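Structure first, then comments.
Each value in this text was obtained by applying a stated rule to the coordinates, not by laboratory testing. If you're wondering where the values come from, they're calculated on a predicted model, not measured in any experiment. Counting neighbours? That spans all protein chains shown, and the Cβs are built from the backbone with ideal geometry, glycine included.
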Amino acid sequence: MPTSTMADLKANLLTDIGDLGTFLGVQLTYGDAGGLARKERVWLGSVENGDSQPPAFRAGKQRRRESYVLHIWIEVVLSTPQLAEARAIALAGAIEDMIASDPKVSATPNLLFARCDGLEMDTTEHAEGALTSVDVSVYCEGDVL
């Protein structure tokens, strides 16, 4: 049994997102591509609030419930803020629908469930128009050793 579901979940999410027709031509990466970024990209950000609850306090390794939030970043550069925001929200909606329809995310080992827990959006000026960033927060729970 794994010590955490985090790595398997990230791998499955990236594969599943890539399989959605909505993401054809969108750059998908495990982390921020920096200067190598395209006009539309999705990348897996940090995992935070990692917490685990052991069933009892005793010596030795034991099963525990882990919970955390994975951030999925969507960044879109288009000519106007309205176009950039609409496209970024459409991509976020596709991710939210995908997770809602498969909360175990392709049978990620020991993942109890994942669910979209909220969105944050920011739009700024960019040399090529407007850059919209959307942070999709995905709350996860797993049963691990």
Given the peptides 102-113, 65-76, arrange them by the average over their residues of other C-beta atoms within 10 Å, most packed first. 65-76, 102-113
Scan around His126 for amide H atoms under 5 Å from its own, H built in the peptide plane at 1.01 Å from N, and keep only partners 5 or more places away or cross-chain. Leu131
Positive end of the charge dipole of the chain (Lys, Arg +1 and Asp, Glu -1 on Cβ, about the Cα centre): tell me which of Leu83, Val134, Thr108 has its Cα farthest that way. Thr108
Return a whole-number percent for the relative contact order of the chain, with Cα pairs under 8 Å and 6 or more residues apart as the contact set. 29
Identify which of the listed values of Cα extents along the principal axes in Å was calculated from the structure shown: [x] 42, 35, 25; [y] 59, 26, 25; [z] 57, 43, 25. [y]
Estimated dipole of segment 62-141 in Debye, rounded to 20 [Cβ of Lys and Arg +1, of Asp and Glu -1, Cα centre]: 560
Set the Förster radius R0 to 30 Å, insert the Cβ-Cβ distance between Ala107 and Leu36 as r into 1/(1 + (r/R0)^6), and round the FRET efficiency to 0.05. 0.40
Electrostatic dipole magnitude of the chain [Cβ: Lys, Arg +1; Asp, Glu -1; Cα centre; debye, to 20]: 660
Put a dot 7 Å past each Cα toward the Cβ at Glu120 and Gln27; how far apart are the dots in nm? 2.2
Can you compute 3J(HN,Hα) from phi for each residue in segment 94-105, using the Karplus curve 6.51 cos²θ - 1.76 cosθ + 1.60 with θ = phi - 60°, rounded to whole Hz and x for Gly and Pro? 5, 5, 4, 4, 4, 5, 5, 7, 9, x, 8, 6
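How long is the gain from Ala90 to His71 if the chain were fully straight, where each residue apart is worth 0.36 nm and the alpha carbon distance is subtracted?
Separation in residues times 0.36 nm, less the Cα-Cα distance, equals 5.1 nm.
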